[in-house]
Structure formats: structure tokens, C-alpha cells
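This report refers to the structure that appears directly beneath it.
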Amino acid sequence: MAETISMPKLGFDMAEGTLIRWVKQVGDNINKGDVLAEIETDKATVEVESSASGVVLQHIVEQGTVVPVNAPIAVVGAAGEKVDAVVAESGKQKAEVKADEKPAPQSQPKVDTVSKASASPETSAVSSQPSGVKASPLAKKIAKDNNINLASLQGSGPNGRIVKKDVESALTSDQPSAVSRQLPITSYENQVIQTTKLRQAIGRRLVESKQTVPHFYVTHEYKMEALMDMRKQINAYLPDNEKVSVNDFILKAVALSLRQFPNLNATIKGNEITQFGDVNVGVAVTVPGGLMTVVVKNTDQKGLRQISGEVKAMAGRAREGKVKPDDVDGSTFSTSNLGMYDVEDFIAIINPPEAAILAISSAREVPVVENGQIKAGWRMKATISVDHRVSDGAEAAQFMQKLAEFLENPVRMLV
């Protein structure tokens, strides 16, 4: 029996997507899980996989069509099978709601020309000479050619007039303070850049988050010596492409801690708080034009190597603009790690509809005091941002303490 493939919904705020390319044409064989088409959303270009095996019987929408989520886009069935006319026509009607809305072409950067006071370094040098300074034409030319401020010179000619030898003397002087050179000023043009769909989506969501979600923040500093040592030991047994990162340990520790604090692995709607049964930790990834959150499903139940492998694979697809729907859907708690940029501390904005996000800074070797003695130690700060409608400071602080039990005793994550 023929099966209809629909426009997937990626994230709670996605309303539509643009079908930019059919990968499989009508009449092509296709297996369940094969890429059927590519769609563009506010977040990225996403590959749509077929949920059925058989033959592509019909494309319900054309390339370039803006399609609402859950609207049919294609029909897959057995070779020679007749497509249900009602289903096909229904799909066309839904898609045609947006059919005339072609994706806007990427506009070229607009340039605002700034009027320049000087058209060239030579003109700049001339205009920089103060008015009222008495100097011979030759002295002015030499000063202009060498970017010398005539006002800084003492003239030896009649009535204090600056002459050639005064400028030449300044050029050969061993006292730089006697010469005031004015470097040419270069004027740069303003660049007006059209924001990407991804940047627009980030702006909409985070403005809404800051305006509607009452954030509060709790920061904790973690001892990282034991974790750094364990990571070194583990990586000694792994090939280069499978080595685990500090962030992999943090994701595992976060997930295990959330199991004990389900109120932070939650969402709120009206007067109801839903505590999620699964712990799916989102990881913010930098991509061209912004950032995207990829999701490690059931993070608390996976080992470090599996977490590491999944994050690498999903981050790679995100940066190439070819994420899968499952890569970016279903997070219950998010993390943002700027550790690779030598960041001491920062806070993150909650990613709705989640209740919290953890901002992770760099693990740094710093002076620390232990037992009254100053020594070098590895420390890392992290700050949790929490929706005050869901939780309070005490619970957030207790979560950060529980996180310390795993990060500072990482062997607990392996047993």
C-alpha cells in the first residue's frame, strides 16, 4: 500500500520548510532510511529520509515550494501501484498554500558609500597640514611626501618661515620627539549584510526567551585534575579519531545529575510542569551564520565513547548544512561550551521550551589555595541558567553540587 511522506517538524517553533531539491526522482527505487529530498528550514538544510521502501510514485510538491510542516510531499509504494487521487490532491492543496512563495534569493551585501575627506594618502597628507604655518613650497612638498607635521618644526627662514633644510633636519634628527608624523587616514566603507534565516531564527527565539522567561543564574567552580588525568589515560588507548574530549565527560555528568534533579529536565506550559522521562542533552555547535543545537538522545545511558562519536558525527553534519531531523530534535536540557576559546566565565540564554541551560567555560591551570598553601591546579567554572517558574536557586545549587561529584570523581561515571 502506498505511503505518504510528509514535511517533518524540526523543533517546536518550525512552521514550514522549503523543499529545495528532490534527491530521488519519480520511478526511482528507494529504501526506508534513504534520503528522499533536501529541505531548508530556519535552522539548516536538512535531508528528509523516506519512511517506506518501494518506488517513488509521485512528487506532490515542486522544488522551491514552501511547505507547511506535516503536509504531504511525496508518495512511495509498489511499482505500478496507483496513487490514491484523494491523498495526492489533498497533499497538493496543502502544499499550494505556500506554492507561490519562492525562497528569497540571497541578496548581495549592500554597500553604503561613505564620503571621504581625502581620496588618496597624498591628499590626506596635504589636508593634514595645519593652516597658517609659514613654509616654502619645497619644504611643504618634502613634508607632504614624508608625512611630517609642519606645525611641529621650528623655522629658520625669515620671520620663522620653514625652509627645506628645516624639514631635512627633522628627517635626519636623532630625536624622534622633534618630528610629529601624521599617518594617512584610510576611510573604510560600511557593509550592510543581510542576516541569514538561521540568525533570524536565533534572534526571534532568544528575544522571546529573555522577554518571557524569568532567568536566574548559579555559578560553580570545579576541580578538574582527576578528570584531566582520566581523560589522558583513556585517550592513550584510543585512535586519534576516537579520542574523548572534556566536553564528553561533562555531557555524561550532566545527564547523570539530571536523573536526580528531574525538575531541571523539564518544560512548563501554563500551570503544568512536564518532567521528561528521557534525558536528551543538547550541545550548541557553531555553524556558518550562527549556532545550532544537536541532541544526544538518552545521554545518561550511553558510554563516553558513544557520546563522543555521536557528537562528532552530528556536529560535522551541522557544519556541512546536512543535519538529519533526528540530530536537532527532542532536547530536554542544553549545554553551551566555550572552553576552547579560553573563556573564564559566561552565561547562556535558555533554549525554549526547556527549563535550563548550562554554560561551560575553560578548564584552566590557575593558582589555587589548598591547606593554606598556594599551588597550581586545574579549575573550570560553569553557570546554569534556570527558568524561575520551574525551579529555585537552592535546587539549582544542589544540582551544581551533584555535578561536582561526577566531574571531580569521574570514575563514578564509569561504574
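Summary table
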item: Fewest-first ranking of H59, H220, using other Cβ atoms within 10 Å as the exposure measure; result: H220, H59
item: Sites T172 and E365, calculated FRET efficiency, Cβ-Cβ separation with R0 51 Å, nearest 0.05; result: 0.50
item: Gain on full stretching of the segment that runs from I20 to A78 - 0.36 nm per residue minus C-alpha separation; result: 18.3 nm
item: Neighbour-count ranking [beta-carbon atoms within 10 angstrom, fewest first] of K322, K24; result: K322, K24
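Taken together, the values in this text are just the output of simple stated rules run on the coordinates, not laboratory data. Please read these numbers as outputs of a predicted model, since none were measured by experiment. FYI the Cβ positions are ideal-geometry reconstructions off the backbone, even for glycines, and counts take in every protein chain you see.
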